[in-house]
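**Q** Okay, handing you the structure first.
The values are calculated or read from the model by the stated rules, or taken from the named source; none is laboratory data. This is a predicted model, so every value here is computed, not measured. A quick note on method: Cβ atoms are made from the backbone with ideal geometry, for glycine too, and the neighbour counts reach across all protein chains shown.
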């Protein structure tokens, strides 16, 4: 399939990457897996065995009139441990590489179908100025946009960081969450070529 860049140049797109059916359930799995993998899962609390002290029996078993107690670090005691103490855990979900790549193809195909993918030859930003980037985005009609380049561009990154709802990524850092979260995806021609090489 063919797609014209903003400058009017014709770009060939691979049908294997940009003409796939929209698979909502697969995209949902990819998004959930990506977000779950980003969770730290390092919450931890101390149970009665982790709290220091409490080794000696507070008082003898019988004859005091009080309830029997084996440790002063039980959950019902002040300075005691937590009943069901939280432990560090891994939230990541398994998603096969084939499934992940298929989800990315499905997202890109939907971007093309909905005319949400804008291709430019390059991001022309002479100096890191937010005002210049706003002008470029205004011309493209992209107010909630993800800019994707084939390599890092410091001028673009500095120009866009103060613009709300806009972000910039390299192809190597692309992920389903960023693609789905923005109304428009603006890619350079070189980035499109890289994506095709990656997902073909």
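**Q** Looking at 127, 154, 115, which is the one that is surrounded by fewer than 12 Cβ atoms within 10 Å (Cβ to Cβ), over 25 Å from the mean Cα position of the chain (by Cα) and over 30 Å from residue 56 (Cα atoms)?
**A** Being surrounded by fewer than 12 Cβ atoms within 10 Å (Cβ to Cβ), over 25 Å from the mean Cα position of the chain (by Cα) and over 30 Å from residue 56 (Cα atoms) holds for just one of 127, 154, 115, which is 127.
**Q** Okay, moving on. Residue 107 is checked against (1) surrounded by 20 or more Cβ atoms within 10 Å (Cβ to Cβ); (2) touching a strand residue (DSSP E or B) at 6+ places or on another chain (Cβ under 7 Å); (3) modelled with pLDDT of 95 or more and fails just one. What number does that condition carry?
**A** Every listed condition holds for residue 107 apart from (2).
**Q** Right, residue 173: within 19 Å of the chain's Cα centre (by Cα) and surrounded by 16 or more Cβ atoms within 10 Å (Cβ to Cβ) or not?
**A** no
**Q** If you check residue 67 against the conditions, is it assigned to a loop (DSSP other than H, G, I, E, B), more than 19 Å from the chain's Cα centre (by Cα), in contact (Cβ under 8 Å) with a residue 40 or more places away in the chain and farther than 19 Å from residue 191 by Cα?
**A** Numbers: assigned to a loop (DSSP other than H, G, I, E, B): yes; more than 19 Å from the chain's Cα centre (by Cα): yes; in contact (Cβ under 8 Å) with a residue 40 or more places away in the chain: no; farther than 19 Å from residue 191 by Cα: yes.
The answer is no for residue 67.
**Q** Condition check: within 29 Å of the chain's Cα centre (by Cα), closer than 30 Å to residue 105 by Cβ and exposed (fewer than 14 other Cβ atoms within 10 Å of the Cβ). Does residue 6 satisfy that?
**A** In short, yes.
**Q** For the condition under 30 Å from residue 178 (Cβ atoms), loosely packed, with under 10 Cβ neighbours inside 10 Å, out of contact with any strand residue (DSSP E or B) (no Cβ under 7 Å at 6 or more places or on another chain) and modelled with pLDDT of 95 or more, what is the one hit in 52, 25?
**A** 25
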